[in-house]
Amino acid sequence: DLVLFVILPPLLWTAGLESSYVALRQNIKPIAILAVGLPLATTVAVGFVAYHVVPELTLPAALVLGAIVAPPDAVSAMAIGRRLGLPRRMMTLLGGESLLNDATALTVYKVALAAAIGAAQSWGHAAGVFALAVVGGVVVGTAIGWAIVAVRDWLDDDLSESAIGLIAPFVIYLLAEEVHGSGVLAVVVAALISGRRSTEAGYATRLQDYAVWRSVQLLLESLAFLLIGLQLPQVLRELGGVPPRVVVLSSAAVFATVLAVRIVWLFASAALLRMPGRNGGAPRRPPAAQTFVVAWAGMRGVVSLAAAFGVPLTTMSGAPFPGRPYVVFLTFVVVVGTLLLHGLT
């Protein structure tokens, strides 16, 4: 509850506020390929590999792991893009992907988690849960997003507007979950709507919002890393009886799958990732070098750590969650491994 209701909503809210609704709409096709198709492909591929290399994992639990490590970290990807001087359109692609793939991956995570703990009776029921989560999240996010815009316009008070922005992600997430929608998707949609209006706010409001949310983001990201770090020793103790060969093999297999799926997906779909030409010109295919940079900018971060920490200790029957120590440990391996690998390169 701490992770899902306290840490994730404000992190998703800040990412949505910093995104451009107009740029996302103009590049919706390539962003959808990366933000919807790629997380789903990563979830299935990692889940399949983990299910076969980790005996303790059931198929739903392996898919939980796949959904956890599917979304790349927005901050790291954008930092690499700026450092390499990528064109604005490629930066838009990275930013849009980083925002929306969190919603995709965490919605799939919710469904897989329900199946793993016994809350979903069948895969058909799981598909229904997914559809309800998507529709409910979009409806709640749209309704509350426009309500927030209307209230903030009516208030015309800097301090009150910032206060509403602070509580908004928590209220939106809670209401969406109450109607069995995706709280993640609701927060992202509402943040996009609210962020679109932010340019019309007064300068004092914008300065306050920027300073406050940057501080909140830093604190919550640090808290997520701290929590997973505190849990890691216990996870390692629970893995103490596992042969080192199994641990090394499973870590290498999952890590390699995460990297390979993104690279293969980007180059396989490069023909579809056409960006609008300059000054309204015909869409053009991105150069191979830019495609590779986007493919390589797949570091995992705080969202994956927070989701791993949110995996329950037991199922609804009271039995231990199948392979939970593996889920947390392999998530840590993927996050640290991708950050180190991309930092060195």
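Quick notes
- Considering (1) modelled with pLDDT of 80 or more; (2) at positive phi, the lone condition that F309 does not fulfil carries the number (2).
- Those residues of the stretch 304-319 which are open to solvent by 10 Å² or more (accessible area, probe 1.4 Å) and either touching a Leu at 6+ places or on another chain (Cβ under 7 Å) or of a type in the set (G, A, S) (or both), in sequence order: F309, G310, S317, G318, A319
- Looking across the stretch 172-183 at every residue that is more than 9 Å from G136 (Cα to Cα) and touching a residue at least 60 places away in the same chain (Cβ under 8 Å), the one that is most open to solvent (accessible area, probe 1.4 Å) is identified as L174.
- Residue selected from the stretch 1-44 under the condition in a loop (DSSP other than H, G, I, E, B) and open to solvent by 20 Å² or more (accessible area, probe 1.4 Å), by the criterion modelled with the lowest pLDDT: S20
- Inter-residue pairs, beta-carbon under 6 Å, first under 16 Å from V6 (Cα atoms) and at pLDDT 75 or above and in the stretch 207-218, second surrounded by 11 or more Cβ atoms within 10 Å (Cβ to Cβ) and among the polar types (S, T, N, Q), 6+ apart: W213/T14; Q217/T14
The values are calculated or read from the model by the stated rules, or taken from the named source; none is laboratory data. For clarity, every value in this text was computed on a predicted model and none was experimentally measured. Counting neighbours? That spans all protein chains shown, and the Cβs are built from the backbone with ideal geometry, glycine included. These area figures cover heavy atoms from the full protein model, side chains too; ligands, DNA and RNA do not enter into them. Shrake-Rupley method; radii C 1.70, N 1.55, O 1.52, S 1.80 Å.
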